[in-house]
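Encoded as structure tokens, the structure appears first; notes follow it.
The values are calculated or read from the model by the stated rules, or taken from the named source; none is laboratory data. What you see is a predicted model, and the numbers here were worked out from it, not measured in a lab. Here the Cβ positions follow ideal geometry from the backbone for every residue, glycine too, while neighbour counts run over all protein chains shown. Ligands, DNA and RNA are stripped out before the accessible areas are found, and what is left, the full protein with its side chains, is counted by its heavy atoms. Shrake-Rupley method; radii C 1.70, N 1.55, O 1.52, S 1.80 Å.
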Amino acid sequence: MSLKLDFSLDNETFRHYLNGHAVVMHSHHYLALITKLAEELSDIGGPQLLKDVVEESMWAVLNDYVQKNGQTSPLQRCNVGREYYSVYGLGKMKVAGTESGGEVCLIRSHIDEGWIKKWGHHTKPVNHFTCGYIAAMFAVAFDKPAKSYRVTEAESMAVNGTEGTFIVTLS
Amino acid sequence: MTVMRDTVVKSLAKINIQGDENGLIPEYDVLVNLLPASLLNTFSERIMAAAPPDKKSKVADGLVRAAYECGYHTGCGIITSDVFNDVVLPMVTEGEKDILRGAFAAFTAWGWAKSGIVQLKEGERMVIRANDYYEADSGGEGLRAYMLRGLCQAFFDLTYADPYPDGMNTFVCHQTKGIEAGDPHGEFVVTRK
């Protein structure tokens, strides 16, 4: 792994930081239920809201990292997003693409595997969180603002139990 | 000896976790994730803001429920973990009360909230005071510590309800004060449902 990881602790508040951003631990139960809550609120745009929040939040974290570490090539920048995903415990992905879009294969997935552990296989894709994450990763990789890419989950690990596939296109 | 909170907090706070070769964090009998606190706060605020008035309580309940189930299952993994056995159990002399004290020390050490028990009627009622918690930064109006409500309820269920996994939903937690609402600290009261 090429990512520089600076874990720190505020000795007064006991808040934890990773590369200067406050982080907190939860379990697959939490993200599975947050995902389900977003699904149950589809009538008010719950899944899209979750995607948007993840994209905006992760864009800020990833962009901060590449700026501070002087990473300029799309490959380097994309790798930052891919490695951060694993550091956060969200799983393992393979990324292929260009500025105009690409494809991401999810080999392991906290959210999908967590969903299956909790409720079994689902009938439709549920990984809205990772759609937002990938949109942020591509935007930072190609030096664009958030909301530059649209990501759809074409194949779902929560459904098929094996791998997830995400298609990335320019908005 | 009873549980020496500061010793436990300092020991547990040193533990850093990150993904393994599969990008997963299998710990405490669950898959753990490590996420930016700002992301979680922003989601709570946006989903609450998006909900129409007649759905806001349902959304709030959903946020609390996510934290509750996370806390109940993960909390069981924590209090039966090797690290808890090594650090906390040697100090336990007052049974369940000390397990609960140790659990709230872990609560602080892992950055959920700088918090502790201020009143305890065993098996009946508990008051938690939190002097710092990440949901205090959420930016919304009113009391917004959904995660803390869920976790306080979960830890009390684990300690005083039927043994895991049969003791869910025995107690309930209400937030009575919040830093996010202008109070000097957060306060959480757990009572039987």
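At 1.4 Å probe radius, can you tell me the per residue accessible area of the protein assembly as shown in Å²? Display every interim value, and only then the final one.
Working: 14450 Å² over 364 residues.
Heavy-atom SASA per residue in the protein assembly as shown reads 40 Å².
Grab the other residues whose beta carbon is less than 13 angstrom from that of B:His174, score K and R as +1, D and E as -1, and report the net. Before the final figure, lay out the partial values.
On the way: positive: B:Arg125, B:Arg149, B:Lys177, B:Arg192, B:Lys193; negative: B:Asp61, B:Glu187.
Summing Lys/Arg as +1 and Asp/Glu as -1 gives +3.
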* **Environment charge at A:Gly91 (Cβ cut-off 13 Å; Lys +1, Arg +1, Asp -1, Glu -1)** => -2
* Which residues make up the longest stretch of chain B clear of GluC sites (Glu not before Pro) that lie in a DSSP loop with no more than 15 other Cβ atoms within 10 Å, not counting the sites? -> B:22-93
* Structure fact -> Over the protein assembly as shown, the sum of -39500 (n - 2.57) across DSSP H runs of at least four, divided by residue number and rounded to 500 deg cm²/dmol, gives at 222 nm -14000 deg cm²/dmol
* Dipole magnitude of chain A about its Cα centre (Cβ charges: Lys, Arg +1; Asp, Glu -1), debye to nearest 20 -> 260
* Structure fact -> Relative to chain B, whose Cα atoms define the longest principal axis, helix B:56-79 and its Cα axis are tilted in degrees, nearest 10, by 10
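What is the extension gain from A:Ile107 to A:Lys94, computed as 0.36 nm multiplied by their sequence separation minus the C-alpha to C-alpha distance, in nm to one decimal? Before the final figure, lay out each step's value.
On the way: separation 13, 0.36 × 13 = 4.68 nm, distance 0.74 nm.
Length difference between fully extended and current span is 3.9 nm.
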* To do: Give, ordered by residue number, each residue of the range B:106-130 whose 1.4 Å probe accessible area is reduced by a minimum of 10 Å² on adding the remaining protein chains to the chain alone.
  => B:Thr108, B:Ala109, B:Trp110, B:Gly111, B:Trp112, B:Lys114
* **Fluctuation leader among A:Ala96, A:Ala32, A:Ala60 - chain A, Gaussian network, Cα springs under 10 angstrom** => A:Ala96
* Identify the chymotrypsin sites (Phe, Trp or Tyr not before Pro) of the range B:15-104 meeting these criteria: DSSP loop state and at most 14 other C-beta atoms within 10 Å of the C-beta. => none
* To do: Pairs to check: B:Lys97/B:Lys193; A:Lys147/B:Lys177; A:Lys4/A:Lys144; B:Lys14/B:Lys55; A:Lys118/B:Lys121; A:Lys94/A:Lys144. Give those whose C-alpha atoms are more than 29 Å from each other in this structure.
  => A:Lys147/B:Lys177; B:Lys14/B:Lys55; A:Lys118/B:Lys121
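Which of the trypsin sites (Lys or Arg not before Pro) found in the range A:113-151 are in a DSSP loop and have at most 14 neighbouring Cβ atoms, other than their own, within 10 Å? Intermediate values should be presented prior to the final figure.
Working: sites: A:Lys117, A:Lys118, A:Lys147, A:Arg150; in loops: A:Lys147.
Passing sites in the range A:113-151 are A:Lys147.
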* Structure fact -> Of the residues B:Gly23, B:Pro90, B:His73, the Cα lying farthest along the dipole of chain B towards its positive end, which is defined by charges on the beta carbon of Lys, Arg, Asp and Glu, belongs to B:His73
* To do: Could you work out how far helix B:37-50 tilts from the main Cα principal axis of chain B, as a 0 to 90 degree angle to the nearest 10?
  => 40
* To do: Using only alpha carbon pairs under 8 Å that are at least six residues apart, calculate the relative contact order of the range B:5-192 and give it in whole percent.
  => 22
* Structure fact -> With a ≥ b ≥ c from the Cα gyration tensor eigenvalues, square-rooted, and the rule rounded for a/c under 1.5, otherwise prolate when a/b > b/c and oblate otherwise, chain A is oblate
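What does the net charge come to around A:Pro74 if you take all other residues with beta carbon closer than 9 Å to its beta carbon, with K and R at +1 and D and E at -1? Spell out each step's value before the answer.
Numbers: positive: A:Arg77; negative: A:Glu99, A:Asp143.
Summing Lys/Arg as +1 and Asp/Glu as -1 gives -1.
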* To do: Of the options A:Val159, A:Met58, A:Gly45, report the single residue whose Cα projects farthest towards the positive end of the charge dipole of chain A (beta-carbon charges: Lys, Arg +1; Asp, Glu -1).
  => A:Val159
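Taking beta carbons within 10 Å but only from partner chains, what does the mean come to for residues B:12-23? Let's see the in-between values first.
Values: counts 1, 5, 1, 1, 6, 5, 9, 13, 4, 4, 9, 17.
Other-chain Cβ atoms within 10 Å of each residue's Cβ, averaged: 6.
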* To do: Go ahead and run the numbers for FRET between A:Leu170 and A:Thr13, Cβ-Cβ distance against an R0 of 41 Å, rounding to 0.05.
  => 0.50
* In degrees from 0 to 90, rounded to the nearest 10, what is the angle of the helix B:95-109 Cα long axis to the longest principal axis of chain B? -> 60
